[in-house]
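Participant: The structure under discussion is supplied below as structure tokens; questions concerning it will follow.
The values are calculated or read from the model by the stated rules, or taken from the named source; none is laboratory data. Since the structure is predicted, the reported quantities are computational estimates derived from the model, not experimental observations. A quick note on method: Cβ atoms are made from the backbone with ideal geometry, for glycine too, and the neighbour counts reach across all protein chains shown. Just so you know, the surface numbers come from the protein's heavy atoms only, side chains and all, with ligands and any DNA or RNA stripped out. Shrake-Rupley method; radii C 1.70, N 1.55, O 1.52, S 1.80 Å.
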Amino acid sequence: MAGKCTVKDIVAMKAQGKKISVLTAYDAAMASILDDAGIDILLVGDSLGMVLLGYDSTVPVTMEEMLHHARAVNRGRKKALVVGDMPFGSYQSGLAEAVNNGMRFMKEAGCDAVKIEGGEEMCDVVRALRRAGVPVMGHVGLTPQTAGQLGGFKVQGRDLESARKMVADAKALAAAGVFAIVLECVPGELAGIVTRSISVPTIGIGAGAECDGQVLVVNDLLGMFEKFTPSFVKQYAHLAPQIGQAVAAFRDEVQKGAFPAAEHTFDSRVDLGSLLAESDS
Ligand code: KIV
């Protein structure tokens with residue numbers, strides 16, 4: 001992609017058979033690294049509540065927290081499409097509020113699009129956001145904001161009825177105007193059926209290789225979130241233990257007086273002999 005990635009580019013990638021890479025990002029420094037590495041979409045996921053802010057779920061995450069991190073991600077990106085994840089409670093209690101919050105991601109944080117969780121029941125929200133000029137990414141399968149209703153963090157669509165509903169949900173969302181749909185924790189074969197039944201891209205997380213793209217939480221990929229690692233995650237690095245070793249080495253050197261060494265210390269540019277004499281007297 002030559003210029004900045006757009007929603008249209010993402011949709012075109014499916015038609016061109018190009019796989020779409022998506023990672024979460026929560027701050028400017030990481031956004032810049034991921035963007036330079038050629039990631040197509042940076043998702044400011046409400047997963048930040050768990051991997052950064054120490055909440056037990058994504059439910060408590062607020063609009064203000066999301067906007068704060070989305071602004072930072074937008075300062076760090078150059079080419080990638082940035083999608084802001086609408087937090088629980090920001091789009092369920094009325095279309096006007098949903099549209100207002102969706103617009104805030106664009107106006108106040110510089111996002112290109114938003115993501116909402118849910119199937120057919122969310123189509124009126126998708127349509128209202130689209131009418132207001134806010135591109136929307138859908139999210140079906142395991143929807144963490146309402147995981148309690150789904151029986152916990154479990155694979156979805158394992159019986160015929162729920163599999164059929166997932167296909168119907170994806171088709172309804174696509175007809176309502178989403179530009180892509182995240183499929184989370186879905187059997188690979190079902191994800192393939194969903195992918196082939198809609199013209200917009202599917203982005204899988206724990207949904208097998210037949211999706212049009214893949215998303216991971218960046219802290220999981222880097223081995224930086226140690227509370228739990230879902231079985232679908234591939235850790236490409238193990239940074240948490242490396243960070244632990246590095247800071248322990250720093251602590252030891254501070255205690256022993258080995259850090260800072262001469263090369264970490266500034267030279268004085270004047271003769272401080274007189275100051276030394278004054279301070280000694
Ligand atoms: O919040 C998030 O990070 C997400 C991805 C896991 C898709 O919704």
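Participant: Treating only the Cβ atoms of Lys and Arg (+1) and Asp and Glu (-1) as charged, compute the dipole magnitude of the chain about its Cα centre; round to the nearest 20 debye. The partial results should precede the final answer.
Facilitator: Numbers: 27 positive and 33 negative charges, 257 e Å.
Taking the Cα centre of the chain as origin, the dipole is about 1240 debye.
Participant: Quote the accessible area belonging to SER47 in square angstrom, nearest 10, computed with a 1.4 Å probe and with ligands, DNA and RNA left uncounted.
Facilitator: Taking all protein chains as shown, SER47 has close to 20 Å².
Participant: Divide, for the chain, the radius of gyration over alpha carbons by 2.2 N^0.38 Å, where N is the residue count.
Facilitator: Values: Rg = 23.0 Å, N = 281, 2.2 N^0.38 = 18.7 Å.
In units of the 2.2 N^0.38 Å rule of thumb, it is 1.23.
Participant: Same structure again: With a cap of 16 neighbouring Cβ atoms within 10 Å, and only residues DSSP puts in a loop, list the trypsin sites (Lys or Arg not before Pro) found in the stretch 170-268. Intermediate values should be presented prior to the final figure.
Facilitator: On the way: sites: LYS171, ARG196, LYS227, LYS234, ARG251, LYS256; in loops: LYS227, LYS234.
Sites meeting the loop and neighbour criteria: LYS227, LYS234.
Participant: Find how many whole Å separate the alpha carbon centroid of the stretch 224-281 from the alpha carbon centroid of the stretch 99-126.
Facilitator: One Cα centre to the other: 42 Å.
Participant: Quick one: compute the contact order of the stretch 194-277, relative version, from alpha carbon pairs under 8 angstrom and 6+ residues apart, as a percent.
Facilitator: Numbers: 58 pairs, mean separation 12.7, N = 84.
Dividing the mean separation by the residue count of the stretch 194-277 yields 15 percent.
Participant: Something else: Kindly state, to the nearest 0.05, the FRET efficiency for LEU160 paired with GLU121, given R0 = 22 Å and r defined as their beta-carbon distance.
Facilitator: Plugging the Cβ-Cβ distance into 1/(1 + (r/R0)^6) gives 0.60.
Participant: Then there is this: Using θ = phi - 60° and the Karplus form 6.51 cos²θ - 1.76 cosθ + 1.60, what ³J(HN,Hα) does each residue of the stretch 176-184 get, whole Hz, x for Gly and Pro?
Facilitator: Values, residue by residue: 6, x, 5, 9, 6, 9, 6, 10, 10 Hz.
Participant: For the stretch 193-245, what value does the Rg/Rh ratio take when both radii are computed over Cα atoms and Rh is the Kirkwood radius, given to two decimals? Numbers along the way, then the final one.
Facilitator: Values: Rg = 14.3 Å, Rh = 12.5 Å.
Using Cα coordinates only, the ratio equals 1.14.
Participant: Right, next: Once each part is reduced to its C-alpha centroid, what is the distance from the stretch 1-62 to the stretch 127-196 in angstrom?
Facilitator: 18
Participant: If you don't mind, another one. Which residue, chosen from LEU173, PRO241, VAL114, occupies the Cα position most advanced towards the positive end of the dipole of the chain, where the dipole is computed from +1 (Lys, Arg) and -1 (Asp, Glu) charges on Cβ about the Cα centre?
Facilitator: LEU173
Participant: Computed from the mean reciprocal separation of all distinct C-alpha pairs, what Kirkwood hydrodynamic radius does the stretch 60-163 have, in Å?
Facilitator: Numbers: mean 1/r = 0.0691 Å⁻¹.
14.5 Å is the Kirkwood radius here.
Participant: Separate question: Under a straight-distance cross-link criterion of Cα-Cα below 20 Å, which aspartates and glutamates are reachable from LYS78, leaving out those fewer than 8 residues away in the same chain?
Facilitator: Straight-line reach from LYS78, under 20 Å: ASP9, ASP27, ASP35, ASP36, ASP40, GLU108, ASP112.
Participant: Just to confirm the number: angle between the C-alpha axis of helix 63-76 and the first principal axis of the chain, 0 to 90 degrees, nearest 10?
Facilitator: Approximately 70 degrees, to the nearest 10.
Participant: Turning to a different aspect of this structure: Over all directions, what mean area does the Cα convex hull of the stretch 219-281 project, stated in square nanometres? Write out the running numbers ahead of the final one.
Facilitator: Working: hull surface 30.6 nm².
If you wrap the Cα atoms of the stretch 219-281 in a convex hull and average its projections, you get 7.7 nm².
Participant: Something else: Out of the total accessible area of the chain (probe 1.4 Å, heavy atoms of protein only), what percent is carbon and sulfur? Mind dumping the intermediate values first?
Facilitator: Numbers: 8120 of 14240 Å².
Percent of accessible area from carbon and sulfur atoms in the chain: 57.
Participant: For ASP267 and SER57, what does the FRET efficiency come to when R0 = 41 Å and r is the distance between their Cβ atoms, rounded to the nearest 0.05? Don't jump to the answer; show the numbers that get you there.
Facilitator: Values: r = 53 Å, r/R0 = 1.29.
Computed FRET efficiency for ASP267 and SER57: 0.20.
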